[in-house]
Amino acid sequence: MPKPKGSCTMLGRALLTLVLMSCVTLILATARVHGSIHILQTSRQLAGSDAGAEAAGVPLLVDATADALPAAQGVLGAATPGNERKAKAGRAKKRVPIDTAYHLEADGLHGQMYMEGTCWARRNTRRYGEMLLAGSEHLVNTTADCCSACLQYQPSGDHQETVCNAWVYCDGTHPNCTPRECTLFYQPRPWDMPVNSGPDVGTISGLTVGPPEAPADDPALAGVDRSYHVVVSAQGQSVHWQMRINYYHYKKAKRACAKLPICHMGGYTRLLHSGKPDDLMYEIPTYVVDKLPEGLEDPTYLALNRPYAFMQWSKQAVIPEKYVLMMEPDHIWVRPMPNLMKNDRPTGWPFWYMEPSMSYQLKTVRKYVGPLTREEIEKKVAPTGSSPMFMTMADLRKVAPLWLAYGTLIHADKDAVEVWGFVHEMYAFIIGMYHAGIHDVDLDMKIMSQPPYGPVHLEPFYLLHYTYAWEYDAQGNHDPRDDSFYRYDKRNYYESIQPRKLAPPPNNIKNEQVWFLYDAFVEAMNALPAWDSYEEAKAASQLWNGVLATSAAT
């Protein structure tokens, strides 16, 4: 293990002062809300429909292609929070042809099928975004009608700058939705966003835009080593045990990576932003940086220390890799991950709650980026965060000072904090990337999954993030309540060490990701020495030597 790196108080304070002074002019210049509004309009008016006026008892009309679309073969999914209304009508007795020609195309990510044509659609899926028209107020006869309504949607009311690019339809063939309801959405960068999918999802959802074209390979990067350095920011007792489990499974994934023809996994650094060494210095490769200076640090919002930590590390550290992967302690490796960047473009995970181009956010976003149109914001201010994030070390050096400067200003802006909530540090990161001139940022759903929400199978994901509680009833059904029959939440161990004898989930839970995480916890806690005494003392009396047991499966 490398020796602990020294603290850098004086240098850190000097850097912070320089950063804030150099950035304040730029920030204040864009900190006003600009009054001009760019209104988008489509070329066709929304066609009127008399579907809602049909008398009761009229046979339900659905797509003739419904039976041709195979259900997911063994692919399950857990519904996102929110209840679907039960169907008010049974399966359709009469069918009409759909006016769009579709052909089926395999979709490896979700294991289901797409229909390709004027609209892109998928059975047993539900999309989310900015709702433009509620399905309960919009009944249509076919999937094609729903798609057509989205194409012809005219911006109005609170959605003056918003176009429809996603729709959700119930054709009456599944009991978990209300027949004929067609809900219209705007979803930012919809091909990059996670989709709620599985046989228990009763709706069909689709898009009115095709997949974006991937950038051409940069010939200048041919032969460049794509290895990346993993850096995990950490501070405090709440992530102490998480860091040990994270590092154990990094070592395990890297051992498996070494057996592959090409392996991009490089070195590892725990970025400790407490300002002082701790008891894990000789177990986990660690770089110590200063906390924010007094007057800037907020003990109720430690996320502000992240940009300052990365600014110090990126300026001071010397690593052999050109690329970095920023992670958090509560990420666990499922399998070795290649460098997923296209050329040198940063690549992050699409967080559903990062919505800079949504109507309700435009005013606040423009306060910090200037008078961009909604389309420009969608393209240039990516709905992602700083972790997990692939980028070059050179780009991180450019972004980190702006991330810190905007993070400090946004944290002091009550209006911005009200809109962005606890993730306002993440908005500071993507705004920092924009002002650093990094406008081409890719998103990759395969990087990570966040159980129990979303798909339930491990493939094709590389990391699992245990940020959400696992809540189930005795039958193994997802039951999101604080008093559910079974409940695991990492927050129960913020002031303590997670116990080695952790209660397992109910046997009949059908979520592979939840079971993988549970088994990963147990494996690491049994492999790391003296976990029981560690649990009692809240300090590591015996350190792991970093050597994996031969029996540890890869």
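Could you please let me know if residue 448 is in contact with a helix residue (DSSP H, G or I) (Cβ under 9 Å, 6 or more places away or on another chain) and either open to solvent by less than 30 Å² (accessible area, probe 1.4 Å) or without any contact (Cβ under 8 Å) to a residue 60 or more places away in the chain (or both)?
For residue 448, the condition - in contact with a helix residue (DSSP H, G or I) (Cβ under 9 Å, 6 or more places away or on another chain) and either open to solvent by less than 30 Å² (accessible area, probe 1.4 Å) or without any contact (Cβ under 8 Å) to a residue 60 or more places away in the chain (or both) - is not met.
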Next on the checklist: Would you confirm, using the coordinates I've provided, whether residue 410 is in contact (Cβ under 8 Å) with a residue 12 or more places away in the chain and not in a loop (DSSP other than H, G, I, E, B)?
Outcome noted: yes
Checklist entry - All but one of (1) surrounded by fewer than 18 Cβ atoms within 10 Å (Cβ to Cβ); (2) assigned to a loop (DSSP other than H, G, I, E, B) hold for residue 188; which doesn't? => result (1)
Checklist entry - In the range 502-552, how many residues are among the charged types (D, E, K, R) and on the phi > 0 side of the Ramachandran plot? => result 1
Checklist entry - Only one residue in 520, 524 is assigned to a helix (DSSP H, G or I), at pLDDT 95 or above and over 21 Å from residue 459 (Cβ atoms). Which one? => result 524
Checklist entry - What are the pairs, 6+ residues apart or on separate chains, where a residue within the range 298-318 that is more than 16 Å from residue 398 (Cβ to Cβ) and touching a residue at least 12 places away in the same chain (Cβ under 8 Å) has its Cβ under 7 Å from a residue that is assigned to a loop (DSSP other than H, G, I, E, B) and among the aliphatic types (A, V, I, L, M)? => result 304/292; 305/292; 309/289
Next on the checklist: Out of everything in the range 517-538 that is among the hydroxyl-bearing types (Ser, Thr, Tyr) and farther than 17 Å from residue 247 by Cβ, what residue ends up being nearest to the chain's Cα centre (by Cα)?
Outcome noted: 518
Item to check | Odd one out for residue 463 among (1) more than 17 Å from the chain's Cα centre (by Cα); (2) over 18 Å from residue 383 (Cα atoms) | outcome: (1)
Checklist entry - Restricting attention to the range 192-213, does a residue exist that is touching a His at 6+ places or on another chain (Cβ under 7 Å), more than 23 Å from residue 543 (Cα to Cα), in contact (Cβ under 8 Å) with a residue 40 or more places away in the chain and hydrophobic (A, V, I, L, M, F, W, C)? => result yes
Checklist entry - Can you name every residue in the range 173-183 that is of a type outside the set (D, E, K, R) and either farther than 19 Å from residue 123 by Cβ or surrounded by fewer than 24 Cβ atoms within 10 Å (Cβ to Cβ) (or both)? => result 173, 174, 175, 176, 178, 179
Checklist entry - Does the range 173-197 hold any residues that are under 13 Å from the mean Cα position of the chain (by Cα), within 25 Å of residue 373 (Cα to Cα) and of a type in the set (A, V, I, L, M, F, W, C), and which are they? => result 193
Next on the checklist: Here is a list: 426, 433. Which entry is closer than 30 Å to residue 221 by Cα, in contact (Cβ under 8 Å) with a residue 12 or more places away in the chain and under 16 Å from the mean Cα position of the chain (by Cα)?
Outcome noted: 426
Checklist entry - Could you list, in sequence order, the residues of the range 299-323 that are open to solvent by 40 Å² or more (accessible area, probe 1.4 Å), out of contact with any Cys (no Cβ under 8 Å at 6 or more places or on another chain) and at pLDDT 85 or above? => result 315, 318, 320, 322
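Of the residues 288, 334, which single one is touching a residue at least 60 places away in the same chain (Cβ under 8 Å) and either closer than 30 Å to residue 413 by Cα or of a type in the set (Asp, Glu) (or both)?
Of 288, 334, the one residue that is touching a residue at least 60 places away in the same chain (Cβ under 8 Å) and either closer than 30 Å to residue 413 by Cα or of a type in the set (Asp, Glu) (or both) is 288.
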Next on the checklist: Condition first: open to solvent by 30 Å² or more (accessible area, probe 1.4 Å), of a type in the set (Phe, Trp, Tyr) and under 30 Å from residue 228 (Cα atoms). Now tell me which residues in the range 342-379 satisfy that.
Outcome noted: 352, 353
Next on the checklist: open to solvent by 10 Å² or more (accessible area, probe 1.4 Å), in contact with a helix residue (DSSP H, G or I) (Cβ under 6 Å, 6 or more places away or on another chain), modelled with pLDDT of 95 or more and within 30 Å of residue 446 (Cβ to Cβ): which single residue out of 132, 139 fits that description?
Outcome noted: 132
Checklist entry - Looking at (1) open to solvent by less than 40 Å² (accessible area, probe 1.4 Å); (2) under 15 Å from residue 246 (Cα atoms); (3) in contact (Cβ under 8 Å) with a residue 60 or more places away in the chain, which is the only condition residue 514 fails? => result (2)
Checklist outcome for this item: So, first residue closer than 26 Å to residue 351 by Cβ in the range 166-189, second residue of a type in the set (D, E, K, R) and assigned to a strand (DSSP E or B), Cβ within less than 6 Å, six or more apart or across chains; the pairs are 168/126; 186/130
Item to check | Among the residues listed as 455, 460, 504, the single one being without any contact (Cβ under 8 Å) to a residue 60 or more places away in the chain, open to solvent by 10 Å² or more (accessible area, probe 1.4 Å) and of a type outside the set (D, E, K, R) | outcome: 504
Checklist entry - Looking at the range 475-501, which of the residues that are surrounded by 14 or more Cβ atoms within 10 Å (Cβ to Cβ) and without any contact (Cβ under 8 Å) to a residue 12 or more places away in the chain is nearest to residue 458 (Cα to Cα)? => result 477
Item to check | Check on residue 459, among the acidic types (Asp, Glu), on the phi < 0 side of the Ramachandran plot and in a loop (DSSP other than H, G, I, E, B) | outcome: yes
Next on the checklist: Is it the case, given these coordinates, that residue 163 is in contact with a strand residue (DSSP E or B) (Cβ under 7 Å, 6 or more places away or on another chain) and open to solvent by less than 10 Å² (accessible area, probe 1.4 Å)?
Outcome noted: no
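The values are calculated or read from the model by the stated rules, or taken from the named source; none is laboratory data. What you see is a predicted model, and the numbers here were worked out from it, not measured in a lab. All Cβ positions, glycine included, derive from the backbone under ideal geometry; neighbour counts span all protein chains shown. Remember, those area values only see protein heavy atoms, side chains included, never the ligands or the DNA or RNA. Shrake-Rupley method; radii C 1.70, N 1.55, O 1.52, S 1.80 Å.
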